[in-house]
Amino acid sequence: MTNDRSAANRLIHSQSPYLLQHAYNPVDWHPWGEEAFRLARTEDKPLFLSIGYSTCHWCHVMERESFEDSEVARLMNEAFINIKVDREERPDIDNIYMTVCQMLTGSGGWPMTIIMTPDKVPFFAGTYFPRESRFGRPGMLELIPKIQHVWQRQREQVLDAGASILAGLQQAQEHPADEELTETVLAEARRRLGHRYDPRAGGFGPAPKFPTPHNLLFLLRYWHRTGDSDSLAMVTNTLRRMRAGGIYDQLGFGFHRYSTDADWRVPHFEKMLYDQALLALAYLEAFQATGRPEFDRTAREIFDYVQRDLTSAEGTFYSAEDADSEGEEGKFYLWTEAEIRQHLTVGEANDFCRRFNIRPAGNFVDPVKGSKTSENILHIDGQDSDTSNDTAGPDADEPDVCADIRRRLLDIRARRVRPHRDDKILTDWNGLMIAALARGTQVLGNDGFARQAAGAAYFILNELRDDTGRLWHRYRNGDAAVPGLLDDYAFMAWGLLELYEATFATRWLQEALHLSELMLELFWDEKSGGLFFTPTDGETMLVRQKEVYDGAVPSGNSVAMGNFLRLARMTGDEEWARRAGAIGRAFAHQVRSAPMSHAQFMAAFDFGLGPSWEIVIAGDLAEAATRELLNVRRAHYLPRAVTMLHPPVKNAGALRKLAPFLEKMTAPPGQSRVYVCRDYACHRPTADPDELAAMLRQKGFVDHSN
């Protein structure tokens, strides 16, 4: 029995797509806020906190089974004050209670279920719960009365358990500064990644297998530093296998969230903005490092998908697309052989079915029934046998031979009922996409990518900042809300630094500096170094977290460390490098104990170790000679380099204020010069593109400055 959708609960006034999905549940949901906590104290009830997000498959399942059920809702309303939180809108809340869930259960995920006191202290945690108990998993109908009984009859035990959990949370946030890390931590991270690497299918660890692009970005840097060919092979094989597998949308492009199998064939069909951004960066860097056209093509295709399906009318980027449509996971993406043959000629269908592994009986196994459904996931990584899986397909590096057919089938697919799209704008995830698009211009030479990135940056900086210049975290339907968190500042600053190197518009460097200065003011830990996740004047939570773990997205501290090192090289202000070093010391113990879990941090640390390059091109970008020097620089993979353009003196005033050292790096009127410096020692300037290429290729360095 389900709810009467004529009556809405308090969530109807939210801007969160996830909360709005639950606005007609019979559960008496409250948004997170003092009203709910006050009511819990008044009625002497515990709080039922449910955290999820709008494109979460199992969140939908729990809603259908439990939150839309009148009997479950009655029990919840009698026993609890019920709160819904969108983990993407309030990652500060999600981070704390996910830590609790992992402490109590050994794992975590969404939907996340927390039972806590009116003072927000948790005493029970879990994830998905069905309506009735099954296969050892307790059901809501049995669970709720038990918790209610414990709360009413064993309150002292509940409070003791909560106090113990709170003490554990507080202890987990103690990060005393440690000794400096050394280069050996890079080798240890590489060793551990190599141990978990799957040489047959690429990626790291068993199923379910996540892309984790920052692992690949670190390995590219390790290869560049050491010449370790196996590190490069791990990157290229993983990127090729993912691109060929079902985790990649072979018709509409873009990556699904993860693969449920070890071979990248069967995805969880959800698509997230941050995955598109980080994977685009990985493919771009791999293309710059190897020149393989497949990586160029994949990055462009990711951008095509984002522009088509995740770009708002204002030019910013939506958050995600659901795995489900019409109540079924993957329905939008699956094809029967009959459907393919209905729309193609016999010859086209034969070629397409062979290339993309379309089978009459289907290659997709229903995750609930455990049997094939006659539906197919498109993939090109061999056939459906375990023995034919050792190449990424014969045409992996060739032009797309099915481009016209794919476009026609994509048009047909577009007529289906689309998955739900979460159309909120998140500052941090937009920062990642801005960074990826701007890097696309640097690597691929397409100025259109930078224009798209700049459009998004203008909107964020104009519409998601308050009168004091501070960022908001979320925007939807004209409403900017939720004070910015560390990731918002760090990721946007990253995007702006990339946008500066893509366009050399001084404004972007100015804005990156301003956000970074605000970051220090709002988030810096003066006692132990590093950056807190919430601002100093933010909502009071159980603890003020300070994170460095690089999970589905990199941590704000890891990204900030890389930003600060780049700012030090771009401005000549070594205070930024000092702050980066303090971040390194603040988290040295955690990173040293599990370096593989801190791949983005490793990439930043690699930059800090050097040798780093500072490349200044002096001249007018409208001149062919200047552009030729820039193209030579961009053709080289130099992950520890910053590149600046010093325009003619009449246009250089604002830039010189930010980077006074540029004053002496000039070119004669009407000419161009490039200055190549490595770890603060500079070659003599040159106007010769071939000489520049030779400088960038050399491993050693000779100081010609005298």
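Just so it is clear, none of the values below were taken in a lab; they were calculated from the coordinates. Here the structure is a predicted model, which means the values were calculated and not measured. Here the Cβ positions follow ideal geometry from the backbone for every residue, glycine too, while neighbour counts run over all protein chains shown.
Our summary gives the stretch 10-172 a relative contact order of 23 percent, counting only alpha carbon pairs under 8 angstrom and 6 or more residues apart.
Calculated on the Cα set of the stretch 600-658, radius of gyration then Dmax: 14.0, 40 Å.
For the stretch 10-172, the C-alpha radius of gyration sits at 0.96 times the compact-globule guess of 2.2 N^0.38 Å, with N the residue count. Ranking Gly619, Ala582, Leu542 by Cα position along the charge dipole of the chain, where only Lys, Arg, Asp and Glu carry charges on their C-beta atoms, puts Gly619 farthest toward the positive end.
Sorted fewest first by neighbouring Cβ atoms within 10 angstrom, Ser593, Ser325, Ser164, Ser319 come out as Ser593, Ser164, Ser325, Ser319.
Here's the list of aspartates and glutamates a cross-link from Lys45 could span, going by alpha-carbon distance under 15 Å and ignoring same-chain residues fewer than 8 apart: Asp28, Glu34, Glu35, Glu78, Asp119, Glu156. Remark: for residue pairs Lys331/Lys424; Lys331/Lys372; Lys120/Lys424; Lys271/Lys546, the C-alpha separation exceeds 20 Å in Lys331/Lys424; Lys120/Lys424; Lys271/Lys546. Close amide H pairs (under 5 Å, H built 1.01 Å from N) link Gln545 with Phe533, Thr534, residues at least 5 positions away or on another chain. The residue among Ile144, Leu629, Ala641 whose Cα reaches farthest toward the positive pole of the charge dipole of the chain, with charges on the beta-carbon of Lys, Arg, Asp and Glu, is Leu629. The helix-based estimate of mean residue ellipticity at 222 nm for the chain, built from -39,500 (n - 2.57) per DSSP H run of four or more residues and divided by its residue count, is -14500 deg cm²/dmol to the nearest 500. Cβ-to-Cβ counts within 10 Å put Ile380, Ile434, Ile358 in ascending order as Ile380, Ile358, Ile434, the fewest first.
Kirkwood-type hydrodynamic radius, the stretch 264-382: 16.4 Å, calculated from all non-identical alpha-carbon pairs. Around the Cα centre of the chain, unit charges on the Cβ atoms of Lys, Arg, Asp and Glu (plus for the first two, minus for the last two) sum to a dipole of about 700 debye. Placing +1 on the Cβ of every Lys and Arg and -1 on the Cβ of every Asp and Glu, with no other charges, gives the stretch 553-688 a dipole of roughly 160 debye about its Cα centre. At a Cβ-Cβ separation cutoff of 4.7 angstrom, cysteine residues of the chain with no neighbouring cysteine are Cys101, Cys353, Cys402.
Calculated from the structure, Cα Rg over 2.2 N^0.38 Å equals which of (1) 1.34; (2) 0.94; (3) 0.99? Read-out from the structure maps to (3).
About its Cα centre, the dipole of the stretch 10-172 is roughly 220 debye, where the only charges are +1 on Lys and Arg Cβ and -1 on Asp and Glu Cβ. In terms of surrounding Cβ atoms within a 10 Å radius of their Cβ, Thr226, Thr212 rank from fewest to most as Thr226, Thr212. Against the empirical 2.2 N^0.38 Å (N residues), the stretch 613-697 has a Cα radius of gyration ratio of 1.00.
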